1. Of the numbered conditions (1) among the hydroxyl-bearing types (Ser, Thr, Tyr); (2) outside any helix (DSSP H, G or I); (3) under 16 Å from VAL282 (Cβ atoms), SER256 satisfies every one except a single condition; which is it?
2. Can you name the residue in the stretch 1-14 that is in a loop (DSSP other than H, G, I, E, B) and touching a Ser or Thr at 6+ places or on another chain (Cβ under 8 Å) and, of all such residues, is modelled with the lowest pLDDT?
3. Scan LYS286, LYS275 and give me the residue that is among the charged types (D, E, K, R), surrounded by fewer than 21 Cβ atoms within 10 Å (Cβ to Cβ) and within 29 Å of LYS108 (Cα to Cα).
4. Checking the condition buried (at least 16 other Cβ atoms within 10 Å of the Cβ), hydrophobic (A, V, I, L, M, F, W, C) and part of a loop (DSSP other than H, G, I, E, B), which residue from MET17, MET96 passes?
5. For VAL117, state whether it is modelled with pLDDT of 95 or more, within 24 Å of PHE19 (Cβ to Cβ) and loosely packed, with under 15 Cβ neighbours inside 10 Å.
6. Quick check, is THR72 over 21 Å from ARG22 (Cβ atoms), surrounded by fewer than 22 Cβ atoms within 10 Å (Cβ to Cβ) and either hydroxyl-bearing (Ser, Thr, Tyr) or in contact with a Phe, Trp or Tyr (Cβ under 7 Å, 6 or more places away or on another chain) (or both)?
7. Quick one: which of SER171, SER195 is outside the structural domain of GLN99 (by TED's automatic domain parsing), touching a residue at least 24 places away in the same chain (Cβ under 8 Å) and surrounded by fewer than 22 Cβ atoms within 10 Å (Cβ to Cβ)?
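The values are calculated or read from the model by the stated rules, or taken from the named source; none is laboratory data. Bear in mind the structure is a predicted one, so any value in this text is a computation, not a measurement. Note that each Cβ is placed from the backbone with ideal geometry, even for glycine, and that neighbours are counted across all protein chains shown.
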Amino acid sequence: MTSHIGILGMGAIGSLMAFHWRELTTFAVQRDGTPCRRTLIDQNNAAHPLTLPAWQGEDLDWLVVCTKAADTLSALQTLAPALGAIERILLIQNGMGQQQQVANWLAKQKHQPELWVGSSTEGAYRQTDNVVVYAGVGQTVIGSWHDQQQADDIALPNTMLVDNMHERLISKLAVNAVINPLTAHYRCRNGELLSNEQRASHLQQLAEEVEALYLALAWPLPSPWLPYVRGIAHATAHNRSSTLQDILAGRPHELSYINGYLQTFAQQQDIAMPKHDELIAVLSIKPLDLSDHNH
């Protein structure tokens with residue numbers, strides 16, 4: 001069974017995972033080598049103080065990366081000398097592109113931990129630097145990036161093993177590519193995208209562009225697509241998207257790994273996405289360099 005976990009990126013999701021794994025031996029992987037202290041507020045408004053000792057190079061069954069997509073590779077590169085102590089690396093993040101960047105980098109290393117990826121529908125946000133609110137119970141699914149054989153005895157608590165993670169990430173990306181930039185543009189909660197005609201129309205136009213691209217690429221898309229996106233916005237009506245949280249807090253957002261990722265494929269396929277292009281310009285989304293990427 002899993003016994004030693006390191007968490008790299010102690011933001012909202014990293015802190016929530018630390019709460020779920022508080023009965024295990026869990027370390028904070030931090031550059032300054034200091035313990036990490038957080039308080040998690042659960043659904044009943046109860047406060048749970050968490051203290052994670054600093055990782056000092058102990059053997060890890062899992063290194064769980066919860067940084068922003070854009071920071072993933074550079075954060076892992078600083079750990080290159082310690083890769084021999086890590087059995088598996090698990091990326092739990094929004095967006096696409098960083099997984100292949102990490103896979104390409106690991107392939108060139110002397111020690112090559114297994115690469116795993118995950119996706120979470122859990123809701124959490126930072127109330128202050130050290131206080132995280134558990135805003136919505138969801139599900140975290142994980143699987144091998146290279147579709148390797150998976151054994152149940154290595155599962156992490158509060159996660160579910162699946163064997164089609166690449167498809168799941170591509171499907172989630174489609175939803176994020178509609179909801180995240182729009183909530184950032186209108187500075188609104190997810191449900192407010194449906195609350196007036198202009199926003200609802202904008203959502204539909206963006207969703208239709210995503211659908212056209214996914215059909216051209218033969219990528220999996222939830223069906224029926226438009227009702228599905230509207231349903232997600234309705235089900236998460238009170239949530240602030242991670243992108244909106246980043247923008248309101250003055251942090252870099254990860255839309256380059258969401259809309260920027262899709263824009264790169266649209267340009268390769270010569271598919272027009274004018275509504276995406278407008279948002280990309282307004283929100284200063286940088287295109288993603290996928291020159292070393294196999295989708």
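1. So the condition that SER256 fails would be (2).
2. Initial filter on the stretch 1-14 (in a loop (DSSP other than H, G, I, E, B)): 1-3, 9-11.
With the extra rule that they be touching a Ser or Thr at 6+ places or on another chain (Cβ under 8 Å), the set shrinks to 3, 9, 11.
Values: SER3: 79, GLY9: 95, GLY11: 92.
Top of the filtered list is SER3.
3. Matching residue, one of LYS286, LYS275: LYS286.
4. MET96
5. On the way: modelled with pLDDT of 95 or more: yes; within 24 Å of PHE19 (Cβ to Cβ): yes; loosely packed, with under 15 Cβ neighbours inside 10 Å: no.
So VAL117 does not fit the description; no.
6. So THR72 does not fit the description; no.
7. Unique residue meeting the criteria: SER171.
Okay, residues lined up against (1) in contact with a strand residue (DSSP E or B) (Cβ under 7 Å, 6 or more places away or on another chain); (2) more than 26 Å from PHE19 (Cβ to Cβ):
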residue: ILE142; (1), (2): yes, no
residue: TRP145; (1), (2): yes, no
residue: VAL162; (1), (2): yes, no
residue: MET165; (1), (2): yes, no
residue: ILE179; (1), (2): no, no
residue: TYR186; (1), (2): no, yes
residue: GLU192; (1), (2): no, yes
residue: GLN198; (1), (2): no, yes
